[in-house]
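The values are calculated or read from the model by the stated rules, or taken from the named source; none is laboratory data. All of these numbers come straight from a predicted model, not from anything done at the bench. Positions of Cβ are generated from backbone atoms using ideal geometry, with glycine treated the same way; all protein chains shown enter the neighbour counts. In case anyone asks, the SASA skips ligands and DNA or RNA and just uses the protein heavy atoms, side chains included. Shrake-Rupley method; radii C 1.70, N 1.55, O 1.52, S 1.80 Å.
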Amino acid sequence: MEERITSAIVRTYFEKLQNFLEVDLAIVGAGPSGLVAATALAKEGKKVAIFERLLAPGGGVWGGGMLFNEIVIQEEALHILDDFNISYKSAGDGLYTADSVEVASGLIFGAKKAGVMINNSVSVEDVVCREGRICGVVVNWTPVERLGMHVDPLVVMSKAVLDGTGHPGEITDLATRKAGIKIDTPTGKIMGEKPMWMELGEASTVENTKCLYPGLYVSGMAANNASGGFRMGPIFGGMFMSGRKVAKMILEDIDG
């Protein structure tokens, strides 16, 4: 029995991995914008892989506001929650609340059912850049990274890469530092996240969602970090709409 169980896990995992070594979209960070984008593209028949450093996907949704496991969503983003069959209730003034655990788990479940491969405990330590385009990610196990072990990584090639790493904007930072590229911002560099201003932060999250460089896209708080947008706290409508917007942009790119 023990041998059969281990064999089943190893065999099935490597079949799955083999099928996702070359994808249409590689997303770094399994936060709300990345999960929404991944689901939308997978439903269009695209091969999508997410790489999440932590054991649990979901990004910053789980904790709600200061560990009060409720989040807030604006009315204009509710249709995205409806698509994932996530419940919510009115809080007045065009705002709605949702249980953060239901939101996180609902987004993860929806992405998996759409066909997205979610790789948890996998870190992206570099990008692949060829002939003026970002075209893949360099991956390793998170425990290897954290222990500082000298273990060479593997590569997943992709038609596009989405930086959904939240506040740090890690992939954009990697690309600008190591590849020396200029990104689509007023300075050509990372502008840095501004302090909290919820209303403007929500708007700029969507506005700053864009292609920064051929093959490199940015969404969610990573978009605000790249272009100098404001922080917004535990309101998530902008995150969901950012994911939906970037999915449409990437679909047009890879189909074009």
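Label point of Ala56 set 7 angstrom out along Cα-Cβ; within the stretch 119-134, amide nitrogens under 18 Å from it belong to 119-122. Within the straight-line cut-off of under 18 Å between alpha carbons, the lysines reachable from Lys113 are Lys16, Lys43, Lys46, Lys47, sequence neighbours fewer than 8 places apart in one chain being disregarded.
At 222 nm, what value in deg cm²/dmol follows for the chain if DSSP H runs of at least 4 each add -39500 (n - 2.57) and the sum is divided by all its residues, to the nearest 500?
-12500 deg cm²/dmol
Over the stretch 156-216, accessible surface divided per residue gives 49 Å², non-protein components excluded, 1.4 Å probe.
Express the relative contact order of the chain as a whole percentage, based on alpha carbon pairs under 8 Å and six or more residues apart in sequence. Let's see the in-between values first.
Numbers: 572 pairs, mean separation 57.7, N = 256.
So the answer I get is 23 percent.
Under the simplified labelling scheme, the Arg130-His79 pair shows an inter-label distance of 3.8 nm, with each label point 7 Å from Cα along Cα→Cβ.
Rolling a 1.4 Å sphere over the protein heavy atoms, what is the accessible area per residue of the stretch 1-148, to the nearest Å²?
Details: 7700 Å² over 148 residues.
Result: 52 Å² of accessible area for each residue.
Each of [x] 19.6; [y] 13.8; [z] 14.9 is a candidate for mean projected area of the Cα convex hull in nm²; the one calculated from this structure is [z].
Per the 1.4 Å probe, what fraction of the accessible area of the chain, in percent, lies on carbon and sulfur atoms? Heavy-atom surface of the chain belonging to carbon and sulfur, 1.4 Å probe: 56 percent. The listed residues Lys47, Lys159, Lys89 rank as Lys89, Lys159, Lys47 when sorted by accessible area, largest first, using a 1.4 Å probe.
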